1. When only DSSP loop residues count, what trypsin sites (Lys or Arg not before Pro) in segment 1-101 have their Cβ near at most 12 other Cβ atoms within 10 Å?
2. Looking only at GluC sites (Glu not before Pro) in DSSP loops with at most 13 other Cβ atoms within 10 Å, what is the longest site-free stretch of the chain?
3. What is segment 54-149's relative contact order, in percent, from Cα pairs under 8 angstrom and six or more apart in sequence?
4. How compact is the chain by the rule of thumb for globular proteins, expressed as Cα Rg over 2.2 N^0.38 Å?
5. May I ask for the net charge around Q211, where only other residues with Cβ less than 15 Å from the Cβ of Q211 are counted and Lys, Arg are +1 while Asp, Glu are -1?
6. How large is the helix-only mean residue ellipticity at 222 nm for the chain, computed as the sum of -39500 (n - 2.57) over DSSP H runs with n ≥ 4, divided by its residue count, in deg cm²/dmol to the nearest 500?
7. Given charges of +1 on the Cβ of Lys and Arg and -1 on the Cβ of Asp and Glu, with all other atoms neutral, how large is the dipole of the chain about its Cα centre, in debye to the nearest 20?
8. Once Lys and Arg get +1 and Asp and Glu get -1 on their Cβ, which of N203, G189, L143 lies farthest toward the positive end of the dipole of the chain?
Amino acid sequence: MKFYILTLFPEMIEEGLSHSIIKRGIDEGIIDIEAVNIRDFSKDKHKRVDDYPYGGGAGMVMQPQPIYDAYMSIKHKLSDNCPVIYMSPQGRTFTQDKAQELSALEDAVLLCGHYEGIDERIIEEIVTEEISIGDFILTGGELAAMTVVDAVSRLIPGVLNKEESHMNESFSDGLLEYPQYTRPPEFMGRRVPEVLLSGHHGNVEKWRREQSLKRTEKKRPDLLNK
Ligand code: 4G0
């Protein structure tokens, strides 16, 4: 899968996604990330990409032309049904289901806004959907885009190894993960639950299922009603 990221901070994207699991996915050719610098498409002699909002008010708005030209510069490389996703606090909340849906695509464009947002005509003209990673405001859409790339990439076959893949199953059953322990058997006077040391596989499975349910009830009761 190829991700095209339209941004004012391409180095932030490249640096942020150049580690561990995502790096391996890129190195193995399973995923590809192209950060396109919107500022390169400014026609202003000072390379400006923002301007004052019509009607007045606080803050600046990203102008439509540099974003449009940045998009047109990659358009010939995009698949026919490639979504153009605007990372915005006004979008639908990103979920594991949404990550699963996107992971089936050939490619996706992620548009990162700054300032008070972007000129509405870009949303009408090129954006196909808006996604939010949660109800909070960030300085820019880059951290949101990187979150989406990470969550989607780890669902693409071959990006995770066999061991790492098990971690996906925990959220897929809609329950939280059971408690995990490693050596030593006692730490600060706290013992690892005896059942885990017993070697009785059936009992271990039963205990873990109970713990998952209890934990979900306590920490995320909203998940149980789904
Ligand atoms: C668009 C995404 C983009 C509009 C982006 C800000 C949070 C998220 C941005 C604004 C972002 C998120 C109207 C402030 C850039 N912040 N929750 N910041 N406004 O996904």
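Just so it is clear, none of the values below were taken in a lab; they were calculated from the coordinates. These numbers come from a predicted model, not from an experiment. FYI the Cβ positions are ideal-geometry reconstructions off the backbone, even for glycines, and counts take in every protein chain you see.
1. Loop-located and lightly packed - K43, K45, K47, K77.
2. Longest gap between qualifying sites, sites excluded: 117-226.
3. Taking the mean separation of contacting Cα pairs over the length of segment 54-149, I get 41 percent.
4. It is 1.27.
5. Charge balance near Q211 sits at +2.
6. -11500 deg cm²/dmol
7. Its charge dipole is roughly 940 debye.
8. Looking along the dipole axis, the top candidate is G189.
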